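The values are calculated or read from the model by the stated rules, or taken from the named source; none is laboratory data. None of these values were measured; they are calculated from a predicted model. Here the Cβ positions follow ideal geometry from the backbone for every residue, glycine too, while neighbour counts run over all protein chains shown.
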Amino acid sequence: MCSLSQEKVVKTTTDIESLRSEIRDKSVRVIDVRREEDYKQNHIPTAVNLPLAKLLSDDSPERVLKLVNSMGIDDETSVVVYDDTFGALASRVAWTLEYLGHSDVSLLETTYSKWKSIGLENDNLVPDIQSKEHSINLKPEILATSDYLESAKEKEGVILVDNRERLNYLEQHIPGALSLPYRTLSSQDKILRPKEDMKRLLDNRGISGDSEIITYCGSVGTLSGLAYYALKSVGLPNAKLYVRSFKEWKSLSKPTEKQEDANYWDLSAE
């Protein structure tokens, strides 16, 4: 089994200065996934608005393709996504673009509030976007369905990760899942911990190497989307997102379990 240090690390976040430079060079499409009313007040210059709720109302590949085209994104466009909710909403949008087959998509390393608080550029202008044509090249290898999960979770070399709040996990979770609360993934000023710190966190959970890792959260794959990018940030090669997550699992009357020693669970700092 390979160690984390041997894995290829891919770009999952874009730092502030890099994004500012790309905006000046007009070499990036920035997506703001906050609510429309918040976007209209102010946003990062040149950003287009795609509220997460709008995406989730119908996230079929055909509908997503229309949204992507309308935002002026083709196969070669560099895309950076941001939110104001610790990266979870942006992660779900970025993952959806990746599933569609868009390879050059990353998360802004910080939130919009942080961007504004340090005095960086913002405006309320809605950019004039020329529609483009993106292809569909779906990546089913990053998606887990309930049926897939039910068969895969019993196999050796598969790790199932629950990214909900610890107390939700203790009360009820998918059998065999590890607890990795989404709050443990961030640092003080960034949506994801630095690489070495993230490696340590994941290693301490036994999450490493060539294992197939399936993440899930409460309902629509936001918290687990952030975990998906946390895994990618340290080069773990085989991560999947169970998009419909625990809400669907329960609605299908799939098996669940409760932590037997929940009253004594170690809630100490990571």
Considering only segment 162-171, how many residues are over 17 Å from Ala227 (Cβ atoms) and surrounded by 15 or more Cβ atoms within 10 Å (Cβ to Cβ)? 1
Which one of these is free of Cβ contacts under 8 Å to residues at least 12 places away in the same chain, in a loop (DSSP other than H, G, I, E, B) and not basic (Lys, Arg): Ser253, Ser219? Ser253
Tally the residues that are free of Cβ contacts under 8 Å to residues at least 24 places away in the same chain, farther than 30 Å from Asp189 by Cβ and part of a loop (DSSP other than H, G, I, E, B), restricting the search to segment 48-86. 3
When segment 210-235 is checked residue by residue, the ones that are surrounded by fewer than 21 Cβ atoms within 10 Å (Cβ to Cβ) and small (Gly, Ala, Ser) are Ser211, Gly218, Ser219, Gly235
Quick one: which of Ile159, Ile191, Ile207 is surrounded by 21 or more Cβ atoms within 10 Å (Cβ to Cβ) and outside any loop (DSSP other than H, G, I, E, B)? Ile159
Among (1) among the polar types (S, T, N, Q); (2) surrounded by fewer than 17 Cβ atoms within 10 Å (Cβ to Cβ); (3) not in a helix (DSSP H, G or I), the one test that Ser106 misses: (2)
Out of (1) more than 17 Å from Thr96 (Cα to Cα); (2) modelled with pLDDT of 95 or more, what's the single condition that is false for Asp189? (2)
When (1) part of a loop (DSSP other than H, G, I, E, B); (2) of a type in the set (Lys, Arg); (3) within 17 Å of the chain's Cα centre (by Cα); (4) surrounded by fewer than 18 Cβ atoms within 10 Å (Cβ to Cβ) are applied to Arg183, the one that fails is (1)
Of the residues in segment 236-270 that are of a type in the set (Gly, Ala, Ser) and modelled with pLDDT of 95 or more, the one that is surrounded by the most Cβ atoms within 10 Å (Cβ to Cβ) is Ser245
I'd like to verify a number: residues in segment 113-135 that are under 20 Å from the mean Cα position of the chain (by Cα) and assigned to a loop (DSSP other than H, G, I, E, B), how many? 0
